[in-house]
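Novice: Have a look at this one.
We did not get these values from a lab; they are worked out from the coordinates using the rules stated. On a predicted model such as this, the values are computed, not experimentally measured, just so you know. Reconstructed Cβ throughout: ideal geometry from the backbone, glycine too, with neighbour counts over all protein chains shown.
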Amino acid sequence: MREAGRIVAEVLELLKKKARVGLTTGELDAMAESAIREKGALPAFKGYRGFPASICASVNCEVVHGIPGGRVLKSGDLLSVDVGVFWQDFAGDAAVTICIGECSEDAVRLVKKTEESLEAAINVIEPGVRVSDISRAIESVARKANYGLVETYTGHGIGAKMHEPPQVPNVAPKHIWTKSPGLPEGATIAIEPMLTEGTSDVEVLEDGWTVVTADRKPAAHIEHTVAVGEHGAVLLTVL
């Protein structure tokens, strides 16, 4: 899983360098698939339940699962890119949100607070941590910054499959705090806060995949694959 995660991190670094005004999301997808296969890995998303591409590329009000294609990136766009791979039968999964060209202060702040919410979640991880503790850490940062949090889609366990138990929500109602499962040392999860400038409500477009905010306000999505280590979190999707 370290190797799968390293490949994901390398591909995301490539896409962060290449994403620019005038490029299409389909061109980024082609770059990503080529890089994944050159490293001896397989794109985990391509063909998953019929998904047609190797990455998810979600722009502005698109939260997750955007299908890459002919959309041309413009200055001021927020581009959320999600990459998943399989390497020797183990999965890695991570996402970043990239500011294209000159982004507004509001857009930059949204990305920053999404990153901070993920950092807060990572910082509470230790053997025995409850999933609700991770969710509460995300929620605390987002609520203090007055952002919406997508509840319909969650983080997840990950290992030999891309999606495994448990679900890792971005919110934690008080009534579940002590009922949430604890994570043992060695557990591996994908944590992925999705913050919005407006409502937490989302809709799925007619393509059956692309998730957008109901009020069409911008969203950001940041994700890491993380292991529960003896002394805290071990980030797997890093270089």
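Novice: Name the pairs: first residue in the stretch 99-120 and farther than 17 Å from GLY198 by Cβ, second residue β-branched (Val, Ile, Thr) and surrounded by fewer than 16 Cβ atoms within 10 Å (Cβ to Cβ), Cβ to Cβ under 8 Å, at least 6 apart or on different chains?
Specialist: CYS99/VAL108; ILE100/VAL21; GLY101/VAL21
Novice: Just to verify a result, which residue in the stretch 1-17, among those that are surrounded by 14 or more Cβ atoms within 10 Å (Cβ to Cβ) and among the basic types (Lys, Arg), is farthest from GLU102 (Cα to Cα)?
Specialist: Filtering first and then ranking leaves ARG2.
Novice: Out of everything in the stretch 168-177 that is touching a Ser or Thr at 6+ places or on another chain (Cβ under 8 Å) and surrounded by fewer than 16 Cβ atoms within 10 Å (Cβ to Cβ), what residue ends up being farthest from VAL124 (Cα to Cα)?
Specialist: At the first step, the residues of the stretch 168-177 found to be touching a Ser or Thr at 6+ places or on another chain (Cβ under 8 Å) are 168-172, 176-177.
Filter once more, so that each one left must be surrounded by fewer than 16 Cβ atoms within 10 Å (Cβ to Cβ): 176-177.
On the way: ILE176: 17, TRP177: 14 Å.
Within the stretch 168-177, the match that is farthest from VAL124 (Cα to Cα) is ILE176.
Novice: Another one. When you go through ALA4, ALA94, ALA19 one by one, which is the residue that is closer than 15 Å to ALA220 by Cα and touching a Leu at 6+ places or on another chain (Cβ under 9 Å)? Write out each step before concluding.
Specialist: On the way: ALA4 fails: closer than 15 Å to ALA220 by Cα; ALA19 fails: closer than 15 Å to ALA220 by Cα.
Criteria check complete, one pass: ALA94.
Novice: Looking at the stretch 140-154, which of its residues are surrounded by 21 or more Cβ atoms within 10 Å (Cβ to Cβ) and out of contact with any strand residue (DSSP E or B) (no Cβ under 6 Å at 6 or more places or on another chain)? Even if it seems obvious, please write down each step before you answer.
Specialist: Looking only at the stretch 140-154, we keep the residues that are surrounded by 21 or more Cβ atoms within 10 Å (Cβ to Cβ), and these are 141-142, 147-148, 150.
Within the stretch 140-154, just VAL141 meets the criteria.
Novice: Does LEU23 meet the test of being in contact with a helix residue (DSSP H, G or I) (Cβ under 8 Å, 6 or more places away or on another chain), surrounded by 14 or more Cβ atoms within 10 Å (Cβ to Cβ) and free of Cβ contacts under 8 Å to residues at least 60 places away in the same chain? Break it down into steps so the answer makes sense when it comes.
Specialist: Numbers: in contact with a helix residue (DSSP H, G or I) (Cβ under 8 Å, 6 or more places away or on another chain): no; surrounded by 14 or more Cβ atoms within 10 Å (Cβ to Cβ): yes; free of Cβ contacts under 8 Å to residues at least 60 places away in the same chain: yes.
Answer is no for this residue.
Novice: Still on this structure, I have one more. What number of residues within the stretch 158-183 are in a strand (DSSP E or B) and in contact with a helix residue (DSSP H, G or I) (Cβ under 9 Å, 6 or more places away or on another chain)? Give the derivation first.
Specialist: Restricting attention to the stretch 158-183, the residues satisfying the condition of being in a strand (DSSP E or B) are 164-168, 182.
Narrowing further to those that are in contact with a helix residue (DSSP H, G or I) (Cβ under 9 Å, 6 or more places away or on another chain): 166-168, 182.
Total meeting the criteria: 4.
Okay, residues lined up against (1) more than 27 Å from TYR147 (Cα to Cα); (2) of a type in the set (Gly, Ala, Ser); (3) under 18 Å from the mean Cα position of the chain (by Cα):
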site: ARG37; (1), (2), (3): yes, no, no
site: GLY47; (1), (2), (3): yes, yes, no
site: ILE55; (1), (2), (3): no, no, yes
site: ASN60; (1), (2), (3): no, no, yes
site: GLY70; (1), (2), (3): yes, yes, no
site: LYS74; (1), (2), (3): no, no, no
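Novice: Is it true that some residue in the stretch 78-100 is in contact with a Pro (Cβ under 9 Å, 6 or more places away or on another chain), buried (at least 18 other Cβ atoms within 10 Å of the Cβ) and among the polar types (S, T, N, Q)?
Specialist: no
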